[in-house]
Amino acid sequence: MENPKKVIIVLLLFLILLCIISFGTKGAHLDAIQDKTYWIDSLPNIYRPMEGCIVLDVFLIVLYLTTIGLVCKEKEMVAKFVFALFLVLLFIRFLLGVIFLAGENQRGKTIVNDWVTMSTAQKDQLSQDTKNYYSTFEGAYVFEIIDIVMMNILNPVMLLLWRHNQTQNFQIK
């Protein structure tokens, strides 16, 4: 394997890790909610995009694994299709992530700020379910910020390196 291929594979593995962590934090939050229908109905601009992000994370993991295979063994038509699919899915994933973070009047930020600024005495008065709700929402919210920044830097780099590697390989043949 050549150096560009190794860099692409390392980037893909790191992006898979980001998707797994994103999937895990949001999934843990959804598991911590006792009455899912209440929260989905009362905050649809937070929970529906969150569910969309979970689904797209799974699709992106499958695409990243497919891309690892395509980096190792080039197939031009499949690579073009996967590249186009990446562009569409990454755009949708970015939009869903931003909608989740923005929520309704920055309600997600308000929930996190309420939890972070709450005193220990106030936290002790909350039920365990409520504590789980706040702490898992904070994890999902904070990691989504990290995820959007990292994915919007690393995905274009990976796609450009992969595309450059493909064009060089297909021109040589």
### Enumeration of residues in region 47-91 that are of a type in the set (Gly, Ala, Ser) and surrounded by fewer than 17 Cβ atoms within 10 Å (Cβ to Cβ)
GLY69, ALA84
### Query
Only one of (1) at pLDDT 90 or above; (2) over 19 Å from PRO156 (Cα atoms); (3) of a type in the set (Phe, Trp, Tyr); (4) surrounded by fewer than 20 Cβ atoms within 10 Å (Cβ to Cβ) fails for PHE100. Which number is that?
(4)
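Restricting attention to region 105-130, report how many residues are in contact (Cβ under 8 Å) with a residue 60 or more places away in the chain and loosely packed, with under 13 Cβ neighbours inside 10 Å.
Of all residues in region 105-130, those in contact (Cβ under 8 Å) with a residue 60 or more places away in the chain come to 107-108, 129.
Next, only the ones that are loosely packed, with under 13 Cβ neighbours inside 10 Å stay: 129.
Residues meeting the conditions: 1.
Rundown of residues vs (1) part of a helix (DSSP H, G or I); (2) in contact with a helix residue (DSSP H, G or I) (Cβ under 7 Å, 6 or more places away or on another chain); (3) of a type in the set (Gly, Ala, Ser); (4) under 18 Å from ARG107 (Cα atoms), yes/no style:
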residue: LYS5; (1), (2), (3), (4): yes, yes, no, no
residue: LEU11; (1), (2), (3), (4): yes, yes, no, no
residue: LEU18; (1), (2), (3), (4): yes, yes, no, no
residue: PHE23; (1), (2), (3), (4): yes, yes, no, no
residue: ALA28; (1), (2), (3), (4): yes, yes, yes, no
residue: THR37; (1), (2), (3), (4): yes, no, no, yes
residue: ILE40; (1), (2), (3), (4): yes, yes, no, yes
residue: MET50; (1), (2), (3), (4): yes, yes, no, yes
residue: ILE54; (1), (2), (3), (4): yes, yes, no, no
### Task
May I ask you to say which residue of THR25, THR66 is touching a residue at least 24 places away in the same chain (Cβ under 8 Å) and among the hydroxyl-bearing types (Ser, Thr, Tyr)?
THR25
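Within region 91-100, is there a residue that is in a helix (DSSP H, G or I) and more than 17 Å from ILE148 (Cα to Cα)? If you could, list the steps in order and put the result at the bottom.
Narrowing region 91-100 to residues in a helix (DSSP H, G or I): 91-100.
When the remaining residues are screened for being more than 17 Å from ILE148 (Cα to Cα), the result is none.
No, every residue in region 91-100 fails to be in a helix (DSSP H, G or I) and more than 17 Å from ILE148 (Cα to Cα).
Considering only region 101-131, how many residues are more than 27 Å from LEU60 (Cβ to Cβ) and assigned to a helix (DSSP H, G or I)? Steps first, answer last, please.
Narrowing region 101-131 to residues more than 27 Å from LEU60 (Cβ to Cβ): 105, 110, 113-131.
Now narrow it down to the ones that are assigned to a helix (DSSP H, G or I): 110, 113-117, 120-125, 128-131.
Final tally of qualifying residues: 16.
Here is a yes/no grid of residues against (1) under 16 Å from the mean Cα position of the chain (by Cα); (2) under 23 Å from SER22 (Cα atoms):
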| position | (1), (2) |
| --- | --- |
| ILE40 | no, yes |
| PRO44 | no, yes |
| PRO49 | yes, yes |
| PHE59 | yes, yes |
| VAL62 | yes, yes |
| VAL71 | no, no |
| GLU74 | no, no |
| ASN113 | no, yes |
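A quick yes/no check of all residues on (1) at pLDDT 95 or above; (2) more than 29 Å from ASN3 (Cβ to Cβ); (3) among the aromatic types (Phe, Trp, Tyr):
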{"residue": "PHE14", "(1), (2), (3)": "yes, no, yes"}
{"residue": "ASN45", "(1), (2), (3)": "no, yes, no"}
{"residue": "LEU60", "(1), (2), (3)": "yes, no, no"}
{"residue": "VAL71", "(1), (2), (3)": "no, no, no"}
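Please verify whether LYS26 is within 21 Å of PHE91 (Cβ to Cβ) and surrounded by 14 or more Cβ atoms within 10 Å (Cβ to Cβ), treating the condition exactly as stated.
Working: within 21 Å of PHE91 (Cβ to Cβ): yes; surrounded by 14 or more Cβ atoms within 10 Å (Cβ to Cβ): yes.
In short, yes.
The values are calculated or read from the model by the stated rules, or taken from the named source; none is laboratory data. None of these values were measured; they are calculated from a predicted model. Glycine gets a Cβ as well: all are built from the backbone with ideal geometry, and neighbour counts include every protein chain shown.
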